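Asks: The structure's right below; bear with me while I get my questions together.
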Amino acid sequence: MTETPVRDRWLFLTPEAEAELPSAVAAMAAALGEQGRAEEDERSSLERIVVDGGYPEWLAYLRDRRKLLERYVERQGEDALSRHVADVLMNHWLLALTVPGQEPDAQAERSRVGAIVRKLGELRRR
């Protein structure tokens, strides 16, 4: 069995985001009137990070999408799209806690996404 190099151990985090986030991010950005986040642009960004980038770039990508989600929730409120993106991001940040090297950042982001999830729950109950 071949061991995965330490620098590549984060790559197990990416499949769900690669499959789920491009269309969701494009939809959120369109709803907010934000340019430059077409689905194909998102797919290209993800591919570049996975193929040529590293774990810090991956975490920055996820942080940026969390910020987009926050803007979306502030303006659009709670809906299926916001719940879906929050779920994908939360899954990733929980898994990121298992990757050595960025634990404090992963914990901070997990907390931030957790706050969004709680807010979405509160909005849904109204």
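Asks: For region 34-72, what are the residues that are among the small types (G, A, S) and out of contact with any helix residue (DSSP H, G or I) (no Cβ under 6 Å at 6 or more places or on another chain)?
Replies: G36, S44, S45, G53, G54, A60
Asks: What number of residues within region 6-42 satisfy the criterion of being of a type in the set (G, A, S), free of Cβ contacts under 8 Å to residues at least 60 places away in the same chain and assigned to a helix (DSSP H, G or I)?
Replies: Total meeting the criteria: 7.
Asks: To continue, here is another question. Have a look at L120, L62 and point out the one that is open to solvent by less than 20 Å² (accessible area, probe 1.4 Å), hydrophobic (A, V, I, L, M, F, W, C) and touching a His at 6+ places or on another chain (Cβ under 8 Å).
Replies: The unique qualifying residue is L62.
Asks: Every residue in region 73-117 that is of a type in the set (V, I, T), touching a helix residue (DSSP H, G or I) at 6+ places or on another chain (Cβ under 6 Å) and surrounded by fewer than 17 Cβ atoms within 10 Å (Cβ to Cβ), please.
Replies: Within region 73-117, V117 is the sole residue that qualifies.
Asks: Give me a count of the residues in region 95-118 that are farther than 16 Å from L69 by Cβ and without any contact (Cβ under 8 Å) to a residue 40 or more places away in the chain.
Replies: The qualifying residues number 5.
Asks: R125 versus (1) at pLDDT below 90; (2) under 23 Å from R9 (Cα atoms); (3) open to solvent by 70 Å² or more (accessible area, probe 1.4 Å): which is the lone unmet condition?
Replies: The one condition R125 does not meet is (2).
Asks: Among the listed residues E70, E42, E16, which satisfies the condition of being of a type in the set (D, E, K, R) and open to solvent by less than 10 Å² (accessible area, probe 1.4 Å)?
Replies: None of the other options fit; the residue is E42.
Asks: In a helix (DSSP H, G or I), among the acidic types (D, E) and farther than 16 Å from W10 by Cα: is that true of E78 in this structure?
Replies: no
Asks: Taking L32 and the conditions (1) of a type outside the set (K, R); (2) over 20 Å from G101 (Cβ atoms); (3) out of contact with any Phe, Trp or Tyr (no Cβ under 8 Å at 6 or more places or on another chain), which numbered condition does it fall short on, given that it satisfies the others?
Replies: (3)
The values are calculated or read from the model by the stated rules, or taken from the named source; none is laboratory data. For clarity, every value in this text was computed on a predicted model and none was experimentally measured. Cβ coordinates were reconstructed from backbone atoms using ideal geometry, including for glycine residues, and neighbour counts include every protein chain displayed. Surface accessibility is based on the protein's heavy atoms, side chains included, excluding ligands, DNA and RNA. Shrake-Rupley method; radii C 1.70, N 1.55, O 1.52, S 1.80 Å.
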